[in-house]
Amino acid sequence: MNLSPLQQARYAYKPKLPGMLRGGIAEISVQDGAATISVADQDKIKALFPNTYGKNEITFKKGTNTSEARKQVVGVILSGGQAPGGHNVICGLYDAIKATDSNNVLLGFKGGPSGLIDDDYVEFDDAFIDAYRNTGGFDIIGSGRTKLETEEQFKIVTEVARKHGLTAIVIIGGDDSNTNAAVLAEYMAANNTGVQVIGCPKTIDGDLKNEDIEASFGFDTATKTYSELIGNIERDANSAKKYWHFIKVMGRSASHVALECALETQPNICLIGEEVAARKMSLSAIADYIADSVEKRAANGDNFGVAIIPEGIVEFVPEFSMLIAEINELLAGSKTDEFNALPDWSAKHEFIRNGLSADAFKVFDILPQFVQQQLFLERDPHGNVQVSLIESEKLFAEMVKEKLAARKAAGTYKGKFSTQHHFFGYEGRCAFPSNFDADYCYSLGYNAFMLIQYGYTGYLSKVSNLSKPAEEWVAGGMPITKMMNVERRNGEDKPVIRKALVELDGKPFKYFEANREKWAVETAFTYPGAIQYYGPAEVCDLTTRTLALEKE
């Protein structure tokens, strides 16, 4: 196989571990911390997880390893969307397993949780693992979005575990995947299977975080990748001086990615969904906000700019959320087939007019036709609108264009407005992990095995103090139930990990808020450039601006 020079060099990179995990397995001991409770709905969560709730947080430290010596056969899966560094979690897990006992075994189940159900797996060896060290992607075993949540599934997984003599399962995933890990851990404990379950925090969206989990892996690399591209576009915009670039970035349920990219590149506009919701901003108000920047810059002779828009922005707009809810009801059950059978868009438009409330149709009617039609594209598995299919970058560009036309007619705006549109998503999910993510992920995997070796289950692998050099990172574990609350999902109360939204009183947003008026008018662009892997630590091991500001 032909390898690029970077691939060859990255295979040879030696990830850095937290200080307490260095020096050999025999020198890692454990220290108990405080007992935990869930973030909300304590009585309900405790009742649902009687065998795994309320356990202590733990921290590893230097000392004599007192864990029980036994052969370990561990299964691992990658769950959900890709995130840079996933391969290194598996590499760290493998190295810790083999360092403890060369007879220990790591099985990778293919295609996500369905691999456990279908018993589709590979046994890792040195040659297999070495081909994936420090590389991006999830192609080592693939991923999937099957949920492990039914009694029947748990029984199948238990049988697969028994067949292979599994002592533990590691689930690498986001909030939903780790919720599934907690439920599976509870099932395994309740049924005395002897199988431990450990989770690892993954998602480029950055919404799996709290006071214990400072960052989910992949966020660092993905936002650096997007920021490089945004910086390139800013440089192009400042060179050509004739386009406004509307850039949508990933982040369905939270705006962490958009905020981090704004902190890195200082665009003229960045929308933060959480602020839109808090201020109850309408689509028209958002368009006016962007148009104000366009007008002020045009007055200075700058008919160009850059606007960053989070993927899920429309869901934060109250009037749009109301519209989506009504559309979901309108097309419930057999109504979808009835709608799809209509001969043309005119007939469908009339069907929609008759089916929506006056307020909802008023919102629908101001949308460009292409967005109206996107609202009625293929539904998700629950029959709901797929908001991620809405081209919000084009929506706001079109609405701003209409606002500016009205201002030009009124004589308040005399500039030119031409647009370009971009969506940065898949470009960042499988990038070569930054040194931070390579180190962090390797540490998470290594640490996950230490949790297994010491007999913990229902825990999340936790590495903290991440704004400091890796030597000062702190490795340990926390019960997954600590992050959980009860939410209404598809008509039922479900225990889930609470998503972390952008905190409007947090330091990252406050820094952005203090500077955005200046950025909106001036050309204050910054150009992060490509991720650096070799050179001074202050460049190569740099953390995100979000993490740096949070830990100031």
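The values are calculated or read from the model by the stated rules, or taken from the named source; none is laboratory data. These numbers were taken from a predicted model, which means no experiment stands behind them. Every residue, glycine among them, receives a Cβ derived from its backbone with ideal geometry; neighbour counts consider all protein chains shown. To get the accessible areas, we keep the full protein, side chains included, count just its heavy atoms, and leave off ligands, DNA and RNA. Shrake-Rupley method; radii C 1.70, N 1.55, O 1.52, S 1.80 Å.
In segment 148-194, how does Rg compare with the Kirkwood Rh, expressed as the Rg/Rh ratio over alpha carbon atoms?
0.94
Which value, in nm² and rounded to one decimal, describes the direction-averaged projected area of the C-alpha convex hull of segment 361-517?
Taking a quarter of the hull surface, the average projection is 15.9 nm².
Evaluate 2.2 N^0.38 Å with N set to the residue count of segment 225-334, then give the Cα radius of gyration divided by it.
1.21
Treating each Cα of segment 105-222 as an identical point scatterer and ignoring solvent, apply the Debye formula and state log10 I(q)/I(0) at q = 0.19 Å⁻¹.
Log-scaled intensity ratios, in q order: -1.11.
Residues with amide H under 5 Å of Ile28's amide H, sequence separation 5 or more or different chain, H placed in the peptide plane at 1.01 Å from N; which?
Amide H to amide H, under 5 Å and 5 or more residues apart or across chains, Ile28 pairs with Gly63, Asn65.
List, in order, the whole-Hz ³J(HN,Hα) value for each residue of segment 300-309 obtained from phi through the Karplus relation with A = 6.51, B = -1.76, C = 1.60 and θ = phi - 60°; use x for Gly and Pro.
8, x, 9, 8, 8, x, 9, 10, 9, 10
Over all distinct Cα pairs, what is the inverse of the mean 1/r for the chain, reported as the Kirkwood hydrodynamic radius in Å?
It works out to 24.9 Å.
Counting only residues 5 or more places away or on other chains, whose amide H sits under 5 Å from the amide H of Thr526 once H atoms are built in the peptide plane?
Gln266
In square nanometres, what is the average projected area of the Cα convex hull of segment 499-552?
5.4 nm²
Could you pull out every residue, at least 5 positions away or on a different chain, whose amide H is within less than 5 Å of the one on Gln196? Hs are placed 1.01 Å off N in the peptide plane, and Pro or chain starts have none.
Ala168, Ile169
Roughly how tilted is helix 283-299, in degrees to the nearest 10 and between 0 and 90, from the longest Cα axis of the chain?
70 degrees
With no solvent and one equal point scatterer placed on each C-alpha of segment 1-104, evaluate the Debye formula and give log10 I(q)/I(0) for q = 0.09, 0.16 Å⁻¹, two decimals.
Scattering profile of segment 1-104, log10 relative to I(0): -0.40, -1.06.
Quick check: Cα centre of segment 441-481 to Cα centre of segment 20-88, how many Å?
When both Cα centres are located, 6 Å separates them.
Provide the net charge surrounding Lys163, with neighbours chosen by a C-beta distance below 15 Å and charges set as Lys +1, Arg +1, Asp -1, Glu -1.
-3
Output wanted: per-residue J couplings in Hz (rounded whole) for segment 42-49, from phi through Karplus 6.51 cos²θ - 1.76 cosθ + 1.60, θ = phi - 60°, x for Gly and Pro.
Whole-Hz 3J(HN,Hα) from phi for segment 42-49: 4, 5, 5, 5, 4, 5, 7, 10.
I'd like to check one number: the per residue accessible area of segment 1-113, probe 1.4 Å, reported in Å² as a whole number.
Normalised by residue count, the accessible surface of segment 1-113 is 44 Å².
Considering the convex hull of the alpha carbon atoms of segment 396-468, report its projected area averaged over all viewing directions, in nm², one decimal.
One quarter of the hull surface, i.e. the mean projection, equals 9.9 nm².
Can you give me the relative contact order of the chain as a percent, contacts being Cα pairs under 8 Å and 6 or more apart?
Here the relative contact order equals 24 percent.
Using a 1.4 Å probe on the protein heavy atoms, what percent of the accessible area of segment 21-159 belongs to carbon and sulfur?
The nonpolar share, carbon plus sulfur, comes to 47 percent.
Compute the signed sum of charges (Lys and Arg +1, Asp and Glu -1) over the other residues within less than 12 Å, Cβ to Cβ, of Tyr527.
Taking every other residue near Tyr527 into account, the sum is -3.
Quick one, can you get me the convex hull of the C-alpha atoms of segment 295-441 expressed as volume per residue in Å³?
179 Å³
Calculate what fraction, in whole %, of the accessible area of segment 355-509 sits on carbon and sulfur atoms when a 1.4 Å probe is rolled over the protein chains.
That fraction is 48 percent.
Find out how many positive minus negative residues lie around Asp139, taking Lys and Arg as positive, Asp and Glu as negative, among other residues whose Cβ is under 13 Å from that of Asp139.
Local charge sum for Asp139: +2.
Scaled to the compact-protein estimate 2.2 N^0.38 Å, what is the alpha-carbon radius of gyration of segment 332-409, rounded to two decimal places?
1.25
Accessible area per residue of segment 123-282 at 1.4 Å probe, in Å²?
With all protein chains present, segment 123-282 gives 32 Å² per residue.
In whole Hz, with x marking every Gly and Pro, tabulate ³J(HN,Hα) for segment 212-225 from phi via Karplus 6.51 cos²θ - 1.76 cosθ + 1.60, θ = phi - 60°.
9, 9, 6, 7, 8, 6, x, 4, 4, 5, 4, 5, 5, 5
What would the Debye formula give as log10 I(q)/I(0) at q = 0.17, 0.18 Å⁻¹ for the alpha-carbon point model of segment 131-287, no solvent?
Cα-only, vacuum Debye calculation for segment 131-287: -1.07, -1.14.
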